[in-house]
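J.: Got a structure here, written out as structure tokens. Questions coming.
The values are calculated or read from the model by the stated rules, or taken from the named source; none is laboratory data. Owing to the predicted nature of the structure, the values given are computational and were not obtained by experimental measurement. Every residue, glycine among them, receives a Cβ derived from its backbone with ideal geometry; neighbour counts consider all protein chains shown. Just the protein is used for accessible areas: all its heavy atoms, side chains included, with ligands, DNA and RNA removed. Shrake-Rupley method; radii C 1.70, N 1.55, O 1.52, S 1.80 Å.
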Amino acid sequence: MQKFTQKIVQMMKDEYLFESQGGPIILSQIENEYEPESKSFGSAGQAYVKWAANMAVGLDTGVPWVMCKEYDAPDPVINTCNGFYCDYFSPNKPYKPTLWTEAWTGWFSDFGGPNYLRPVEDLALAVARFIQKGGSFVNYYMYQGGTNFGRTAGGPFITTSYDYDAPIDEYGLIRQPKYDHLKELHKAIKSCEKALVTADPNVIALGSYEQAHVFTSKSGGCAAFLSNYNTRSDARVAFNNMHYDLPRWSISILPDCQNVAFNTAKVRIKTSQVQMLPTNVKLQSWETFTEDVYSVEDESPMTANGLLEQLNITRDTSDYLWYTTSVHINSAESFLHRGKLPTLSVQSAGHGMRVFINGQLSGSAFGTRQNRRFTFTENINLHPGMNKISILSIAVGLPNIGPHFETWDTGVLGPVVLHGLDEGQRDLTWQKWSYKVGLKGEVNNLGSPNSIPSVDWIQGSLAAQKQHPLTWYKAFFDAPEGDDPLALDMGSMGKGQVWINGQSIGRYWTASANGNCSECSYVGSFRQTKCHFGCGNPTQQWYKLPKN
């Protein structure tokens, strides 16, 4: 870590980018949200925090260093706040500034979960409440949404889109009213600048839920923040011999302690509507290639007695790992005669699986971000003699938060049990299994236009072709004209990955969004449990296509 940090800092110094060199960088950060891990590791975690801080300060950037969400950041490193609200936060020393390094503008989505909207009225209130307390600095996360191209999504089940309900969306379009309302908020805060930077606030109670935070400078400047935290009713308050109407859950900013320049709940900008319109470009020359499931075991270079953890085998070179074993069924087994199918039960540590019996898809099962572990239980069709069970285990992102990533098991870890046999049940967990990393199409780089034609693509109309569970699709199209952002509609597909000209634009999955998509009110503290939208539809249907 020290070598990496030294290299990055030196790259910045070589370009004269730090403020101490005349450049634009005024702040440096070491570590991020390490506090929960620090606590879990005890004295070792605390020792690491001190080491990281001393190492960073010793690099002599000439600008302050911060540790986000690290209560015990040692001097001179500044501990900072991340969250939906940070007015409660104070740094661990009185001489350190109060910094809000991540003001969360929304929340990320996960496949199968809802999309989130954070009302701008509440976000503006959170920022005004932080500033009126004496906060020095606000940095938004995210101000522009992004895209998790390839397999870079930062955690299990997190969608390819990282739009985050940001003021500028994933496609670079202005999201109203969030963008302009925040712009007006900061214009009002800027007009209070002289009073804010020269005085601490004097807090005056105006009622049970109402307060005034008043900043008065020696030169006579005055700024006030009038707040109403009642979630049920508006209020009329008296301040400086004048009356002010405060909507519920709002703050009014008075740059001169008289006139209201801004109220967090009064939005004067119309909501922008982004509409996806079809282009006049048609996908042409459809071709397909279907994975040969039955031959997977023959291509497997590795065998072991028992079930192995997925990431230890794949090393994250692929989302996919095949687990294959064989089961011999005696022709005298009574289930063959009474017409009752046996049941296969497979327990997985995550994140999804497709089960094939003798090369035919028998069923699928998936976990969720809240519960990665799941159990596949289906009746399966076996015949007398030797049967082949192939389980395609699917990972959907790597661990992204918490201690001891090495303990986050992924894949089929069992038990794997056959029920309904004459012998009762047969545990397959510890018999011989073969392992194969990835799909044949991945090995042959089928996502690239420059791949060697080592597989047989089948040409023809997509609608006329029989659908197979593991199929690659390829088509050609002309780039659309114009400068409008582009997206690919994957609503008709299931789950997989998409490449354009050899560049992966991410995982797609049409898992339906589950959530509470009832009315969204800006009133009251925002949490991930409120203001959902998109329920019943795919969590993500549109996938960003970069122009270059």
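J.: Of all residues being of a type outside the set (Gly, Ala, Ser) and in contact with a Leu (Cβ under 9 Å, 6 or more places away or on another chain) in region 331-345, which is most open to solvent (accessible area, probe 1.4 Å)? Just the residue, please.
T.: That would be LEU341.
J.: Further question: Any residue at all in region 35-53 that is open to solvent by 40 Å² or more (accessible area, probe 1.4 Å), in contact with a Cys (Cβ under 8 Å, 6 or more places away or on another chain), closer than 15 Å to GLU70 by Cβ and modelled with pLDDT of 95 or more?
T.: Checked region 35-53: no residue is open to solvent by 40 Å² or more (accessible area, probe 1.4 Å), in contact with a Cys (Cβ under 8 Å, 6 or more places away or on another chain), closer than 15 Å to GLU70 by Cβ and modelled with pLDDT of 95 or more.
J.: Report whether or not PRO119 is touching a Cys at 6+ places or on another chain (Cβ under 7 Å), surrounded by fewer than 24 Cβ atoms within 10 Å (Cβ to Cβ) and modelled with pLDDT of 95 or more.
T.: Yes; evaluated as a whole, the condition is true for this residue.
J.: Identify all residues within region 494-543 that are part of a strand (DSSP E or B), within 20 Å of PHE477 (Cα to Cα) and either open to solvent by 60 Å² or more (accessible area, probe 1.4 Å) or assigned by the TED database to the domain that holds THR231 (or both); write none if there are none.
T.: TRP499, GLN503, TRP542
J.: Now for a separate question. For region 221-233, give me each residue that is closer than 20 Å to ALA188 by Cβ, part of a loop (DSSP other than H, G, I, E, B) and out of contact with any helix residue (DSSP H, G or I) (no Cβ under 6 Å at 6 or more places or on another chain).
T.: Selection gives TYR229 alone.
J.: Kindly indicate the residue of region 180-201 that is touching a residue at least 60 places away in the same chain (Cβ under 8 Å) and open to solvent by 60 Å² or more (accessible area, probe 1.4 Å) and also farthest from the chain's Cα centre (by Cα) among those meeting that condition.
T.: The extreme case among them is ASP200.
J.: Is there any pair linking a residue in region 215-228 that is modelled with pLDDT under 95 to one that is open to solvent by less than 10 Å² (accessible area, probe 1.4 Å), with Cβ under 6 Å and at least six apart or on different chains, and which?
T.: SER217/ALA195; GLY221/ALA195
J.: Quick one: which residue in GLU519, GLU481 is of a type in the set (D, E, K, R) and either touching a Cys at 6+ places or on another chain (Cβ under 6 Å) or under 24 Å from THR105 (Cα atoms) (or both)?
T.: GLU519
J.: Out of VAL127, VAL138, VAL66, report the one residue that is aliphatic (A, V, I, L, M), assigned to a strand (DSSP E or B) and in the same structural domain as GLY515 (by the TED database).
T.: After applying the criteria, what remains is VAL138.
J.: Look at region 95-116 and say how many of its residues are outside any strand (DSSP E or B), among the β-branched types (Val, Ile, Thr) and open to solvent by 10 Å² or more (accessible area, probe 1.4 Å).
T.: 1
J.: Going by the structure shown, is ILE204 over 30 Å from ASP484 (Cβ atoms), part of a strand (DSSP E or B) and touching a residue at least 60 places away in the same chain (Cβ under 8 Å)?
T.: No.
J.: Which condition breaks for GLY420 when tested against (1) in a strand (DSSP E or B); (2) on the phi < 0 side of the Ramachandran plot?
T.: Of the numbered conditions (1) in a strand (DSSP E or B); (2) on the phi < 0 side of the Ramachandran plot, the odd one out for GLY420 is (2).
J.: Which condition number in (1) in a helix (DSSP H, G or I); (2) not assigned by the TED database to the domain that holds ALA265 is the one that HIS181 fails?
T.: Result: HIS181 passes all but (2).
J.: Which residues, taken from region 403-444, are closer than 27 Å to TYR34 by Cα and touching a Pro at 6+ places or on another chain (Cβ under 7 Å)?
T.: Across region 403-444, the qualifying residues are PHE405, TRP408.
J.: When you look at GLY402, is it small (Gly, Ala, Ser), surrounded by 13 or more Cβ atoms within 10 Å (Cβ to Cβ) and part of a loop (DSSP other than H, G, I, E, B), yes or no?
T.: The answer is no for GLY402.
J.: Further, regarding this structure: Of ARG268, ARG248, which residue is farther than 19 Å from GLN132 by Cα and either among the charged types (D, E, K, R) or assigned to a strand (DSSP E or B) (or both)?
T.: One residue alone meets the criteria, ARG268.
J.: Step by step: first the residues of region 160-179, then only those that are crowded, with 22+ Cβ neighbours inside 10 Å and touching a helix residue (DSSP H, G or I) at 6+ places or on another chain (Cβ under 7 Å), then the one that is farthest from ALA511 (Cα to Cα). Which residue is that?
T.: LYS178
J.: Among (1) farther than 21 Å from LEU226 by Cα; (2) part of a strand (DSSP E or B); (3) assigned by the TED database to the domain that holds ILE505, where does GLY155 come up short?
T.: (2)
J.: Pick from region 304-359 the residues that are assigned to a strand (DSSP E or B) and in contact with a helix residue (DSSP H, G or I) (Cβ under 7 Å, 6 or more places away or on another chain): which of them is farthest from VAL498 (Cα to Cα)?
T.: Per the stated criteria, the residue is THR324.
One line per residue, one yes/no per condition, for (1) small (Gly, Ala, Ser); (2) in contact with an Asp or Glu (Cβ under 6 Å, 6 or more places away or on another chain); (3) under 25 Å from ASN514 (Cα atoms):
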position: GLU102; (1), (2), (3): no, no, no
position: SER109; (1), (2), (3): yes, no, yes
position: LEU123; (1), (2), (3): no, no, yes
position: ALA126; (1), (2), (3): yes, no, no
position: GLY135; (1), (2), (3): yes, no, no
position: PRO156; (1), (2), (3): no, no, yes
position: THR160; (1), (2), (3): no, no, yes
position: GLN176; (1), (2), (3): no, no, no
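J.: Okay, next question. Considering only region 6-32, state which residues are open to solvent by less than 90 Å² (accessible area, probe 1.4 Å), within 25 Å of PRO97 (Cα to Cα) and among the hydrophobic types (A, V, I, L, M, F, W, C).
T.: Matches in region 6-32: VAL9, MET12, LEU17, PHE18, ILE25, LEU27, ILE30.
Yes/no per residue for (1) polar (S, T, N, Q); (2) outside any loop (DSSP other than H, G, I, E, B); (3) not assigned by the TED database to the domain that holds GLY45:
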residue	(1), (2), (3)
SER362	yes, yes, yes
THR375	yes, yes, yes
ASN387	yes, yes, yes
GLY397	no, no, yes
GLU406	no, yes, yes
VAL416	no, yes, yes
TRP430	no, no, yes
SER448	yes, no, yes
